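J.: Before anything else, here's the structure in question.
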Amino acid sequence: MTVGLNAFLTVSGLLFAIGVFGVLLRRNTLVIYMSLELMLNAVNLALVSFSRYNATPDHSMMDGPVFVFFIITVAAAEVAVGLAIIVALYRKRQTIFVSELNALKN
Amino acid sequence: MNDRLAIYSEMAQENSWLSILPEISLGVLALLLLVLEMTLPKERQGLILRLALFGQVVILLAGVVFSSLFGVATEHTSFNGLLMHSVRGDVMRLFFLLCSLLVCHLGHQYASRRGLPQVEFIHLVLIVTAGLMLLAQSHNFILLFVALETVTVGFYILVSYSRGSLYSLEAGLKYLILGAFSSAILLFGIVLLYGAGGNPQLPGSSGDPMNFALLGSFIEANPDNILVLAGTVLVLCGVAFKIGAVPFQIWIPDVYQGAPIPVTAFLAVASKAGGFIVLIILVQGPFAPLERVLVPMLGAIAILTILFGNLGALSQKNVKRLMGLSGIAHAGYMLLGIVASFQVPWAANAVVFYLFTYLLASFAIFGVMNNMGPLEDGDMTLDDFKDLARKNPYNAAVLAIGLGSLAGIPPLAGFIGKLLIFIAAFKAGLYGLLGVAVIGVVLSIYYYFGWILEVYFWPSLVKAESEETIEPSGPGLIPAANSHRIVLGCLTAGTLILGFYQGALSYLL
């Protein structure tokens, strides 16, 4: 049995949707962070599967998988900075819940 | 194997490293600063700041000389289609260099007063600037994304740079979450375009759909493909976050309020300009065939953005939030220029001109705010500017001219910028949008003049207790007050001169 492109794209779309709702609905910063990573990985999955299924003998479509490496690197940089900010904020406020971080307002 | 090698060597022929020399030198300068901080003895650390400023001035001047002598004659690509060299790209590179110079100056002043580390600040600003300069020339989605993320990750750190301040950290976290969210949306859009553009069963598909030129010809062949439309909308959502257009503007007031003043200025000017140059590249390149969909969509966004920004700013007392909200309104006017550029090609250059006037006025205002004393800057309100005219007439005049330019008062540069965009919109026949924009300008005069009133016409009974600010002179630098006066004077002079004489930038139009 072969798995088609649509199956991959469905999984990718589902992962992305889970990520979006996680970011919008969750209150814990760390969980929001995981949801963001989920969104990026959904993108990676879609990139790889598009590049696999669109490849022809003329075009190997390798820029998709190369792009995945760039995305992984960027995501790692983002996590490093993000966790540093969360730690610094936790030291200051003793909380990482978005609803309690409300110093900035009108 | 050998023909693979032949392909690679052919690709490598297109690498023209000289053309990205400014970016490379910025990166080298940034690394050099870190090395010098480790190796130089404590008492000679002032040298680092001078080197940073001097290096940027040299790069800027060399850039001006080279682009005016051997400017880009015809648009051409290099690095196998990763970069596109154009006059507009070169102008925007100089724009970003100018921004980084001003931000380094403000940042030095800000950090030395608050005892924050300075070298890392300048390092980050230089890296972000190099990213922005590459962004202005991008011609490929991979390069665009990587450059954009260099900028964004740098900004995460810069926004939360004041580690002792709760405001700054919280703004950093908010910017981080929303920024990463918008990057993911942008990426998903890119992937959809990549998937559609590489599909061998569709007409016009190619083996390299990340390339803007190839993607453009694919979109022209399939303007109604659902994947193409969805991908375009998602990519534009990601860009809308950068420029702060409705509905992705929620982060702006909070982040502007919490970030240190120099970073707020950098965000307001350079990050927004980065978003606009990407938008110009996209709508004049690959997305041009989608005019039928994009004009109503961007037009609606422009109307909402202008109204949201101006109505929000009307009752705002916190100056940094006020600058943020009025900046949203300015993004709306510039979006109007982008919408017009589908019909009137020079409208895109009018947007670039507008960005220059916005840079001059905004940096003058943020420079004055930076000079307002050591209070927690997230809490600075209009009341703090009471009677500034008597306490510090020079700063008050700079502030008034900057605000006047942002409001679009006739002899100043901001007026010309607005006028050009409005003429373009009129020629493109966007009368409804134009009406909303004029209403927005009228509203903006109300709150900008409210600020000027505080500065000039506050009936003061109390004596000005003390002279404006305490100026701790930076290590080994010329006394901060004088250099700051000169910078503010130059910005104000630029605003005045550009109002009367646009020759310096007229080759854009």
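The values are calculated or read from the model by the stated rules, or taken from the named source; none is laboratory data. Just so you know, these numbers come straight off a predicted model, no measurement behind them. Note that we place each Cβ from the backbone using ideal geometry, even for glycine, and neighbour counts take in every protein chain shown. Just the protein is used for accessible areas: all its heavy atoms, side chains included, with ligands, DNA and RNA removed. Shrake-Rupley method; radii C 1.70, N 1.55, O 1.52, S 1.80 Å.
J.: Consider the stretch B:114-147. How many of its residues are without any contact (Cβ under 8 Å) to a residue 24 or more places away in the chain and more than 20 Å from B:Val91 (Cβ to Cβ)? It would help to see each step written out before you state the result.
T.: Quick first cut of the stretch B:114-147, residues without any contact (Cβ under 8 Å) to a residue 24 or more places away in the chain only: B:115, B:117, B:131, B:146-147.
Filter again for more than 20 Å from B:Val91 (Cβ to Cβ), leaving B:115, B:117, B:146.
So the count comes out to 3.
J.: Among (1) part of a loop (DSSP other than H, G, I, E, B); (2) at pLDDT 90 or above, there is one condition B:Val72 misses while meeting the rest; what is its number?
T.: Failing condition for B:Val72: (2).
J.: Any idea which of (1) assigned to a helix (DSSP H, G or I); (2) more than 23 Å from the chain's Cα centre (by Cα) is the one B:Met372 doesn't satisfy?
T.: (1)
J.: Please specify each residue of the stretch B:145-163 satisfying the condition of being assigned to a loop (DSSP other than H, G, I, E, B), facing chain A (nearest Cβ under 7 Å) and either under 11 Å from A:Ala77 (Cβ atoms) or open to solvent by less than 20 Å² (accessible area, probe 1.4 Å) (or both). Steps first, please.
T.: Step one: filter the stretch B:145-163 for residues assigned to a loop (DSSP other than H, G, I, E, B), giving B:160-163.
Restricting the remaining residues to those that are facing chain A (nearest Cβ under 7 Å) gives B:160, B:163.
Hit for the stretch B:145-163 is B:Ser160, nothing else.
J.: If A:Ala76 passes every condition in (1) more than 8 Å from chain B (Cβ to nearest Cβ); (2) open to solvent by less than 80 Å² (accessible area, probe 1.4 Å); (3) under 30 Å from B:Ser205 (Cα atoms); (4) within 12 Å of the chain's Cα centre (by Cα) but one, which one does it miss?
T.: Here A:Ala76 meets the rest and fails (3).
J.: Something else about it: Which residues, taken from the stretch A:4-33, are more than 12 Å from every other protein chain (Cβ to nearest Cβ), open to solvent by less than 70 Å² (accessible area, probe 1.4 Å) and of a type in the set (A, V, I, L, M)?
T.: A:Ala7
J.: Right, another one. Restricting the stretch B:11-38 to residues that are at pLDDT 90 or above and among the β-branched types (Val, Ile, Thr), which is farthest from the chain's Cα centre (by Cα)?
T.: B:Val35
J.: Kindly indicate which of A:Ser49, A:Ser60 is more than 7 Å from chain B (Cβ to nearest Cβ) and at pLDDT 90 or above. Full working, then the answer.
T.: Details: A:Ser60 fails: at pLDDT 90 or above.
None of the other options fit; the residue is A:Ser49.
J.: Contact list please: Cβ distance under 6 Å, first residue in the stretch B:401-412 and on the phi > 0 side of the Ramachandran plot, second residue buried (at least 24 other Cβ atoms within 10 Å of the Cβ) and small (Gly, Ala, Ser), pairs at least six apart or on different chains.
T.: B:Gly408/B:Gly414
J.: Under the condition of being more than 8 Å from B:Glu170 (Cα to Cα), within 8 Å of chain B (Cβ to nearest Cβ) and open to solvent by less than 80 Å² (accessible area, probe 1.4 Å), which residue from the stretch A:88-97 is modelled with the highest pLDDT?
T.: Initially, the stretch A:88-97 is screened for residues more than 8 Å from B:Glu170 (Cα to Cα), giving A:88, A:90-97.
Retained after the next criterion (residues that are within 8 Å of chain B (Cβ to nearest Cβ)): A:88, A:92-93.
So of that shortlist, the ones also open to solvent by less than 80 Å² (accessible area, probe 1.4 Å) come out as A:88, A:93.
On the way: A:Ala88: 92, A:Arg93: 86.
Per the stated criteria, the residue is A:Ala88.
J.: If I filter the stretch B:177-197 for residues that are facing chain A (nearest Cβ under 8 Å) and more than 30 Å from the chain's Cα centre (by Cα), do I get at least one hit?
T.: Within the stretch B:177-197, one or more residues are facing chain A (nearest Cβ under 8 Å) and more than 30 Å from the chain's Cα centre (by Cα).
J.: For the stretch B:164-176, which residues satisfy the criterion of being open to solvent by less than 10 Å² (accessible area, probe 1.4 Å), more than 7 Å from chain A (Cβ to nearest Cβ) and not small (Gly, Ala, Ser)?
T.: B:Tyr175
J.: Ok, one more. Can you name every residue in the stretch B:1-27 that is under 10 Å from B:Ala130 (Cα atoms) and surrounded by 14 or more Cβ atoms within 10 Å (Cβ to Cβ)?
T.: Pass one, the stretch B:1-27, residues under 10 Å from B:Ala130 (Cα atoms): B:20, B:22-27.
Those that are under 10 Å from B:Ala130 (Cα atoms) and surrounded by 14 or more Cβ atoms within 10 Å (Cβ to Cβ): B:Ile20, B:Pro22, B:Glu23, B:Ser25, B:Leu26, B:Gly27.
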